[in-house]
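Worksheet: one structure, shown below.
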């Protein structure tokens, strides 16, 4: 809120943020919807990979030796801070792991 109070321009990634800033009385010409930066980056990276020699990745041979795999990240507080919730997720992952290998670099929050 402090940052918003002294900002001249607002670059937001979702339409709800535009609505919230308008409700707060921010001038419309200072609000700029810039899209979802994670999706934009994903699309950019996919384009890059189309012309990149993927054999240069250190994980290339590892991935090539599996029959399909899942890369998992799990660290949102709502998923890992509750033992009951986390146990439910782990049970589902164990079921999935019967058919597919799961690569799971464990986040410090999840490890805790």
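Within segment 49-78, the set of residues being touching a helix residue (DSSP H, G or I) at 6+ places or on another chain (Cβ under 8 Å), under 16 Å from residue 107 (Cβ atoms) and without any contact (Cβ under 8 Å) to a residue 12 or more places away in the chain comprises 78 only. No other residue among 35, 25 is farther than 30 Å from residue 100 by Cα and at pLDDT below 90 apart from 35.
What number of residues within segment 30-60 are under 24 Å from residue 19 (Cβ atoms), more than 19 Å from the chain's Cα centre (by Cα) and not in a helix (DSSP H, G or I)?
The first filter runs over segment 30-60 and keeps only residues under 24 Å from residue 19 (Cβ atoms), leaving 30-40.
Still in the running and more than 19 Å from the chain's Cα centre (by Cα): 30-33.
Narrowing the set further to residues that are not in a helix (DSSP H, G or I) leaves 31-33.
So the answer is 3.
In segment 64-103, what residues are touching a strand residue (DSSP E or B) at 6+ places or on another chain (Cβ under 7 Å) and farther than 26 Å from residue 54 by Cβ? Passing the criteria: only 93. Can you confirm whether residue 106 is outside the structural domain of residue 7 (by TED's automatic domain parsing) and either at pLDDT 90 or above or in contact with a strand residue (DSSP E or B) (Cβ under 9 Å, 6 or more places away or on another chain) (or both)? Taking the combined requirement at face value, the residue satisfies it.
The values are calculated or read from the model by the stated rules, or taken from the named source; none is laboratory data. Model, not experiment: these values are computed from the prediction. Here the Cβ is made from the backbone with ideal geometry for all residues, glycine too, and neighbour counts use every protein chain on show.
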